[in-house]
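Remarks on the structure that follows.
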Amino acid sequence: MNSFAPPKATCPFHITGTKSTPLQIILHTLDTDNLSSTATLAPGNYQKLMEEEKFDQISSLPFELKQRIISFLPLKEAVRVSVLSTHWKSLWSPIQVSLNFDPNPVNHEGSGQEFNQVMGMCMRSYACLEQWKLCLNVVDSNEALILKATKGVDRELHLEFFETKKVSRDFKSEPTSTSACLCLHSHHPTQTDSFAGVKLLHLRSVTNLTKTRVSEVFSNCHVLESLKLEKCRGLESLDVKTDSLRSLVVADCSNMSAITISAQNLKSFWFHGALPQIISLKNTRSLVDVVLNLKDGPINNEFDCEEILSILFSFKDVEALTISGWLLEWLCSAGVIFGRLDFQFNKLKALTWIDSLINKDKRDSLACFLNACPSLEKLLVEIDSNLSTIPCPLFYQYWHEPHLWMDFTSVKSNTSQLKHLKSIELLGFTGRDHELQLMDLLLEKAIRVNSLTLTCPEFVS
């Protein structure tokens, strides 16, 4: 058995390893980056040694030292560390505060001051990880809203809201006098802005009741680099004009109808949900990665062909694009021929196409879109039967004679050579006729392909 000296209580430690590799116990001091000692043990031997010496290293460390150790980790990793021992969970015991909350916008000022004071205390330092739990007692009700605020040392802030059923039922449908909009425009922060230093902001489950408080928080994030909005049904629009933003994710915000972004350093934009009426991206010359997973179809069933082409034009210089198949199908059904547009996706290297199935129109619209991707190197076609099918409407006015009216032989002959395509993957492949025809087209046009991957679902009917 390898000799092993238990770490001193003054040294933090980091544990890594997998089932196939020895477990590494790496010790280093807080004041220097020099490695003070290293020992390697197989997982079984390490467990046996711990049992023999009856030495619980984790629980023996002082609380302050464990806080110091965990402060060196990214927030997600720090949360995972808590499963190592029940003693680590004490680091995540939330600071609990109870406040009165009036959902009536007219009376927001009083409760807003208390809320801002508490959040100011929460954000006064990033020296350690903290979790706050705010109980917002709804005025004239026995119910409450719960806000869980988690703060990371890398200037991360995660805000998640919870509503009881009674609160949702009593106030969900009440009219509000304020617009459910998040707005962030660059300006010089003041010393009183508690959120001026936040670089990563994750908002989850923002509703009509909490949108005013959230808007105030958001408007003060002057150096924000990463923003994620998730399941925020209370938000209807997003307006951002800042040079600091680099990553934006909007996921499952069912009422989001307008997104306006001006951010010259934005590199990644991911959207999951219903297609908003407005997506305006200006001054985004650094954008390289875009996801348009429009799994819920167009919001309010409205579809403006000119507006969609304007959106695609703003993405024309990206290197990686994920797009819903129904969107290409609808555009081609309206007579759009991608090879004849006045712009192409000349820098696009990786394309991911996603939809619930491949039929004739989806197959041919993808072929049409490939004509606008002359530099494409990697293509992933993802067929997910769990996605909803978005039926295509009947268009009465056409840009050109619809590409989809041609037979498959004509479609193939009108598809350009994919001179740079090297990798093709079909995920969810079932072997149906239209899938086989698409694969045949790709293999014929991709003259330099060196990788073809077909992944079938677990059960094929």
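Brief remarks on what is shown
- Ala334 touching a residue at least 24 places away in the same chain (Cβ under 8 Å) and either in contact with a Ser or Thr (Cβ under 8 Å, 6 or more places away or on another chain) or not small (Gly, Ala, Ser) (or both): no
- Checking Ile447, Ile424 one by one, the residue that is closer than 22 Å to Leu348 by Cβ, out of contact with any helix residue (DSSP H, G or I) (no Cβ under 6 Å at 6 or more places or on another chain) and hydrophobic (A, V, I, L, M, F, W, C) is Ile447 and no other.
- Conditions (1) open to solvent by 30 Å² or more (accessible area, probe 1.4 Å); (2) farther than 30 Å from Glu458 by Cβ; (3) in contact with a His (Cβ under 9 Å, 6 or more places away or on another chain): number failed by Leu357: (2)
- Which listed residue, of Lys378, Lys422, is surrounded by fewer than 17 Cβ atoms within 10 Å (Cβ to Cβ), modelled with pLDDT of 95 or more, over 26 Å from Cys305 (Cα atoms) and of a type in the set (D, E, K, R): Lys422
- Within region 261-285, the set of residues being assigned to a strand (DSSP E or B) and closer than 20 Å to Thr207 by Cα comprises Phe271, His272, Leu275.
- Residues (open to solvent by 40 Å² or more (accessible area, probe 1.4 Å) and in a strand (DSSP E or B)) located in region 136-159: Asn137, Ile146, Lys148, His158
- Residue selected from region 294-307 under the condition modelled with pLDDT under 95 and in contact with a helix residue (DSSP H, G or I) (Cβ under 8 Å, 6 or more places away or on another chain), by the criterion most open to solvent (accessible area, probe 1.4 Å): Phe303
- The residue that is nearest to Trp353 (Cα to Cα), counting only those in region 439-461 that are part of a loop (DSSP other than H, G, I, E, B) and not hydrophobic (A, V, I, L, M, F, W, C), is Pro457.
- Inclusion of Val167 among residues that are open to solvent by less than 40 Å² (accessible area, probe 1.4 Å), assigned to a helix (DSSP H, G or I) and modelled with pLDDT under 65 is warranted.
- Test set (1) surrounded by 14 or more Cβ atoms within 10 Å (Cβ to Cβ); (2) of a type in the set (A, V, I, L, M, F, W, C); (3) more than 29 Å from Asp252 (Cα to Cα) - Ile390 fails condition number: (3)
- Test result for Ser314, polar (S, T, N, Q) and crowded, with 16+ Cβ neighbours inside 10 Å: yes
The values are calculated or read from the model by the stated rules, or taken from the named source; none is laboratory data. Not measured: the values here are computed from a predicted model. For neighbour counting, all protein chains shown are included, and Cβ atoms are generated from backbone atoms with ideal geometry for every residue, glycine included. Surface areas here come from the heavy atoms of the whole protein model, side chains and all, with no ligands, DNA or RNA. Shrake-Rupley method; radii C 1.70, N 1.55, O 1.52, S 1.80 Å.
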